[in-house]
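Below is one structure; the comments refer to it alone.
Values quoted throughout were computed directly from the atomic coordinates according to the rules given, and no laboratory measurement underlies them. Treat the numbers as computed from the prediction; the structure is a model and nothing was measured. Note that each Cβ is placed from the backbone with ideal geometry, even for glycine, and that neighbours are counted across all protein chains shown.
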Amino acid sequence: MTDTSISSFKAADLMVQLSSAPKSKPAVVDFGGVFTDHMLTVEWSLTGGWEAPLIRPFGNLSLHPACSSLHYGIQLFEGLKVYRGDDERLRLFRPMLNMKRMANSAHRACLPAFDQSELLECIRRLVEIEQDWVPHSNSHSLYIRPTFISTEPSLGVKKPARALLYVILSHAGSYFDTKAEAVSLWANPKYTRAWKGGTGDCKMGGNYGCSLFAQYEAVDYGCQQVLWLYGDDQQISEAGTMNIFLHWINENGEEELATPPLNGLILPGVTRQSILDITREWNEFTVSERNLTMAQLCSALKQQRVKEMFGSGTAVMICPIGHIFYQGEELHVPCRKQLITSRLAKDLADIQHGRTPSDWTYLV
């Protein structure tokens with residue numbers, strides 16, 4: 001439904017300039033390295049408001065050297081995928097959750113509001129034009145990257161008077177460059193991903209750029225990702241760019257699937273929400289959003305109460321966790337049976353590819 005309470009660009013005004021030199025479609029070999037022929041751009045200014053959206057040939061952006069997105073990180077992004085179903089129809093997975101999260105991030109970044117449904121329709125039109133880029137595969141997809149940046153051409157930390165919203169598409173192969181069945185994590189409280197009152201619940205570039213140093217220290221310890229901890233009690237928050245789930249027998253002897261709560265530190269992941277919705281529908285064990293600490297995890301591992309631990313996200317979908325390096329010790333996490341991860345991966349894939357009818361999918 002269109003929100004008439006805000007001034008926004010309209011999909012009905014969309015202009016299209018097709019490329020005169022479309023590229024050949026290479027095989028999908030990686031994540032985010034091969035881009036399609038076209039992109040969507042929408043410009044905004046305080047004086048003129050939103051301009052008409054434009055689909056144009058993919059190309060570089062021209063930015064003023066004082067652009068405040070470059071100097072002060074006034075920018076954000078989203079990530080979602082389009083899947084080719086067994087019936088050859090193209091489907092987006094719960095895209096309005098991405099649009100809502102993007103709008104919330106824009107509000108936090110002091111970037112202008114937009115109508116979420118209008119943006120989604122513009123994205124649908126872009127995907128429709130690029131439909132031949134969507135792989136004929138159950139393991140690969142086309143990744144959609146909406147991005148919103150300040151183009152304020154002056155120095156000074158202030159609310160932008162100019163901005164650019166754009167969308168690019170890329171092939172989405174495997175996110176992790178590994179043959180391992182499960183990822184390894186480095187847990188150390190010396191670095192913090194997010195904090196109370198911060199922007200950990202927004203999808204802003206600064207949340208990711210500042211994680212690189214810790215990420216490479218994790219690699220030095222033989223691990224693939226960082227397990228982010230928070231506070232004196234070392235609360236588990238996220239792993240790399242993934243939300244975290246723990247399937248265990250909890251302190252009360254109950255079988256439980258637990259994930260950290262949306263308390264301002266945690267990104268409200270679309271896959272995270274879908275896992276909660278699906279497992280609550282199963283009604284086979286307790287499903288909780290609550291704080292988890294390293295002390296609780298270590299105790300549960302020692303007492304063999306952990307069944308599985310896994311991460312989730314649009315890029316990785318469901319990713320089992322096999323090892324955690326913590327306080328000089330390698331903790332082994334059960335991951336061979338994958339009782340829940342394999343089942344969840346199948347349920348999600350069946351919805352995304354149209355094998356299971358669902359109102360979570362949005363047809364292109």
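Give the angle, between 0 and 90 degrees and rounded to the nearest 10, that separates the Cα long axis of helix 341-352 from the longest principal axis of the Cα atoms of the chain. Tilt relative to the chain: about 20 degrees.
Ordered by the number of other Cβ atoms lying within 10 Å of each residue's own Cβ, fewest first, R56, R290, R94 fall into the sequence R290, R56, R94.
Across the stretch 209-216, rounded Karplus estimates of 3J(HN,Hα) from the backbone phi angles (6.51 cos²θ - 1.76 cosθ + 1.60, θ = phi - 60°) give x, 6, 8, 4, 4, 5, 4, 6 Hz, Gly and Pro being marked x. What shape does the stretch 249-314 have by the C-alpha gyration tensor, where a ≥ b ≥ c are the square roots of the eigenvalues, rounded means a/c under 1.5, and otherwise prolate means a/b greater than b/c and oblate the rest? Oblate. V226: net charge of surrounding residues, Cβ under 13 Å, Lys/Arg +1, Asp/Glu -1, itself excluded? That works out to -1.
Could you give the angle, 0 to 90 degrees to the nearest 10, between helix 116-129's Cα long axis and the longest principal axis of the Cα atoms of the chain? Result, in degrees: 80.
Within the shell defined by Cβ-Cβ distances under 11 Å, the residues around L265 carry a net charge of 0, with Lys and Arg each +1 and Asp and Glu each -1.
What GluC sites (Glu not before Pro) in the stretch 48-125 are in a loop by DSSP, with at most 10 other Cβ atoms within 10 Å of the Cβ? Walk me through the numbers before you get to the answer.
On the way: sites: E51, E78, E88, E118, E121; in loops: E51, E78, E88.
Qualifying residues, ordered by number: E88.
Is the stretch 104-143 best put as rounded, prolate or oblate by its Cα gyration tensor, with a ≥ b ≥ c the root eigenvalues, rounded for a/c under 1.5, and otherwise prolate when a/b is larger than b/c, oblate when not? Walk me through the intermediate numbers first.
On the way: a/c = 4.24, a/b = 2.13, b/c = 1.99.
Cα axes put the stretch 104-143 in the prolate bin.
Helix 95-108 and the longest principal axis of the C-alpha atoms of the chain enclose an angle of approximately 80°.
Over the stretch 11-174, what is the relative contact order in whole percent, taking alpha-carbon pairs under 8 Å and six or more residues apart?
Working: 323 pairs, mean separation 57.2, N = 164.
Computed over the stretch 11-174, the figure is 35 percent.
Taking 28 Å as the straight-line reach from the Cα of K346, the lysines in range (excluding those fewer than 8 positions away in the same chain) are K25, K81, K100, K179, K203, K307, K337. Taking the helices alone, the chain has a mean residue ellipticity at 222 nm of -6500 deg cm²/dmol, built from -39,500 (n - 2.57) per DSSP H run of at least 4 residues and averaged over all its residues.
Under the rule a/c < 1.5 gives rounded, and otherwise a/b versus b/c splits prolate from oblate, where does the stretch 183-235 land using the Cα gyration tensor? Oblate, since a/c reaches 1.5 and b/c is not below a/b.
Taking Lys and Arg as +1 and Asp and Glu as -1, the other residues whose beta-carbon sits under 11 Å from that of I144 total +1.
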